[in-house]
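Data block below; observations after.
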Amino acid sequence: MTQLHEWKTTNLFETTMSLNKSADQSHVMFRFFVPNGMDNIEIEFSFDPVMEEHYENVKEMIEEHVKYYDPNLLNNENAIKKMMPLRNLLTISVDDPIGFRGSCHRWEPISKIVVQDEDSTPGMLNRETKSGMWNIIVNCHSIVTDECKVHVKIDGKHKESLTKRWYHQPLHAPQFPLKTHEAISDSAREEYVWTKSEIHTHTNHSDASQTINQLLEKAKQLDIQCVAVTDHNTMSAVEHVQRLEEQYGIRIIRGIEWTTFYGHLLTLGYDHVTAINWSKVGPISLEESIQEIKKEGAIAGIAHPFRPGSPFCTGCHWEYAMDNISQIDFIEVWNGENPHKDKYNMEAFQLWTDLLNKGHQLAATCGRDWHNQDTDKEIAFLYTNVPSTYSNKDFLHAIVQGHSFITLGPTIDFRLNDCYIPGDKVSIYDGEVLSFNVSIGNSIEDYTVIIDSNIGIIGKETLNHYEKVLDNSEDIIWVRACVYSFNKTLIAFTNPIYIMHK
């Protein structure tokens, strides 16, 4: 094995903390990330002081506790002296991504622990130094001094140059297995309605200034019919959903914006108030957590994937390593206020288009990321197509299927062959004639309507009602309607209608 002094060192974690007697018989855990390529982990651990030096303090503590074990010793001065001195005892335990790695239970106040595939420090299991989230636990068996200073330093040893910070661009030109969804029947389409919704909101239960009541009152004023409350890493604002729904006449979807170090995951539709621990998620371990989320009845989508991340906005940039996107239900392509003017949203829109062109059937959404009550900026809304009497599951299904459009104002009725709407999958024969129909509502000005597809623009008109017949559909796999303002700014768009060739 190569000698350690020839290896490169990366500091993975370091802290100094002060504990007092209240931490006695407790565990202090720190989570840190170990990147690929680490050959071993070195832990330097120390605490000070080692023992209580003052005789009267020691005597008082002994007398306080010995009565629980042997009251007869209270009057036995020699026995009490034999119990002296009283020492602090703090030890280290380690978990790696596989599980419990070991514990070094020793009295020494200064120790160095090596964790590696062979010849680890006694107390640590020998196995691969696996990349992922690790835990180091300071086990406070006994703290007898008024103050105990603890220092922990964790270094990774490696042969190749590495960086601790996880920078990853997994969504650029990905080669994922295709993500598709099941076709649904449109036989009951006439009984469906378009519902105005907002699915990315926050309250003072996380980092917003507004209360849940203020949020819902404002939503009611804006004629929003369905609101998903997605506070950062908590669901405490929506513990009493039924009462709030009755009070405001708005459907409320329980949600959480999983605000992790490596990306924000917008999760919607939990069956009940739940608490899934986001902090255990590392940059290469997202899939297991999404499975937990879905067991709770929720769906999961990527929020604002291209916003700058730490230290500017913790985890706002999507950096998870992903082998496929089959567990991702949607991508938020428009985030925030004035979303049509945001360069990061333009990148997200282009990413979504690239995924569609590769054959993925992934729905797009928008979210105000609503933190404050008043704004003078433009706001986009998500309209979903749901049954006239719909359940939460119907609403979530519409999002996942892409039965929706996103708009700053004008509504879009986009149909293929007079019956298929965004999110539908249509099976056709090669060469079959396709008839598209686009109607724009809430119109106060002229718009340019574009019918877009994987082969480019197939129709363009400056009309509020536009019909297009396409004779050659051989290479088309998806189509969507986009609406542009007079200054050529995108202000509304639908999810695609998917074309399946027989």
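Select from the range 75-99 the residues that are free of Cβ contacts under 8 Å to residues at least 12 places away in the same chain and loosely packed, with under 14 Cβ neighbours inside 10 Å and list them in ascending order.
Residues satisfying the conditions are N75, N76, E77, N78, K81, K82, G99.
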State yes or no: is S485 assigned by TED's automatic domain parsing to the domain that holds K358, touching a helix residue (DSSP H, G or I) at 6+ places or on another chain (Cβ under 9 Å), surrounded by 17 or more Cβ atoms within 10 Å (Cβ to Cβ) and farther than 25 Å from H360 by Cβ? yes
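For the range 428-469, please list each of the strands (runs of 3 or more DSSP E) lying entirely inside it that holds at least 3 residues being within 20 Å of M500 (Cα to Cα) and assigned by TED's automatic domain parsing to the domain that holds Y383.
434-441, 448-453
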Just name the residue that is surrounded by the fewest Cβ atoms within 10 Å (Cβ to Cβ) out of those in the range 298-316 that are over 21 Å from L362 (Cβ atoms) and hydrophobic (A, V, I, L, M, F, W, C). F312
With (1) over 30 Å from S120 (Cβ atoms); (2) at pLDDT 90 or above as the list, and I41 as the residue in question, which single condition is left unmet? (1)
Conditions: (1) crowded, with 17+ Cβ neighbours inside 10 Å; (2) touching a residue at least 60 places away in the same chain (Cβ under 8 Å). I252 meets all but one. Number of the miss? (2)
Picking from Y466, Y447, the residue that is hydroxyl-bearing (S, T, Y), in contact with a Gly (Cβ under 8 Å, 6 or more places away or on another chain) and crowded, with 20+ Cβ neighbours inside 10 Å would be Y466
The range 212-243 - residue that is modelled with pLDDT of 95 or more and in a loop (DSSP other than H, G, I, E, B) and, of those, nearest to A298 (Cα to Cα): T230
Within the range 384-425, the count of residues that are part of a strand (DSSP E or B), of a type in the set (S, T, Y) and more than 20 Å from N335 (Cβ to Cβ) comes to 2
Output the residues belonging to the range 387-404 that are free of Cβ contacts under 8 Å to residues at least 12 places away in the same chain and polar (S, T, N, Q). T389, S391
What is the residue count in the range 9-40 for residues that are touching a Lys or Arg at 6+ places or on another chain (Cβ under 6 Å), buried (at least 17 other Cβ atoms within 10 Å of the Cβ) and closer than 30 Å to H65 by Cα? 0
Taking only pairs six or more apart or across chains, which ones have beta-carbon atoms under 9 Å, a first residue in the range 405-430 that is farther than 15 Å from W478 by Cβ, and a second residue that is charged (D, E, K, R) and outside any loop (DSSP other than H, G, I, E, B)? C419/R189
Please enumerate the residues belonging to the range 189-215 that are within 21 Å of the chain's Cα centre (by Cα), surrounded by fewer than 22 Cβ atoms within 10 Å (Cβ to Cβ) and among the charged types (D, E, K, R). D207
For the range 457-482, pairs from a residue that is closer than 22 Å to K425 by Cβ to a residue that is acidic (D, E), with Cβ under 6 Å and 6 or more apart or across chains, are E474/D430; R480/D452; C482/D452
Residues that are buried (at least 22 other Cβ atoms within 10 Å of the Cβ), in contact (Cβ under 8 Å) with a residue 60 or more places away in the chain and touching a Gly at 6+ places or on another chain (Cβ under 7 Å), drawn from the range 263-297: L266, L268, G269, G282
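Look at the range 229-249 and say how many of its residues are free of Cβ contacts under 8 Å to residues at least 24 places away in the same chain and crowded, with 16+ Cβ neighbours inside 10 Å. Before you say what the answer is, go through the steps one by one.
The initial filter retains those residues of the range 229-249 that are free of Cβ contacts under 8 Å to residues at least 24 places away in the same chain, namely 240-243, 245-246.
From the residues that got through so far, the ones that are crowded, with 16+ Cβ neighbours inside 10 Å too are 241.
The total comes to 1.
The values are calculated or read from the model by the stated rules, or taken from the named source; none is laboratory data. All figures in this text were calculated on a predicted structure; none of them were measured in a lab. Reconstructed Cβ throughout: ideal geometry from the backbone, glycine too, with neighbour counts over all protein chains shown.
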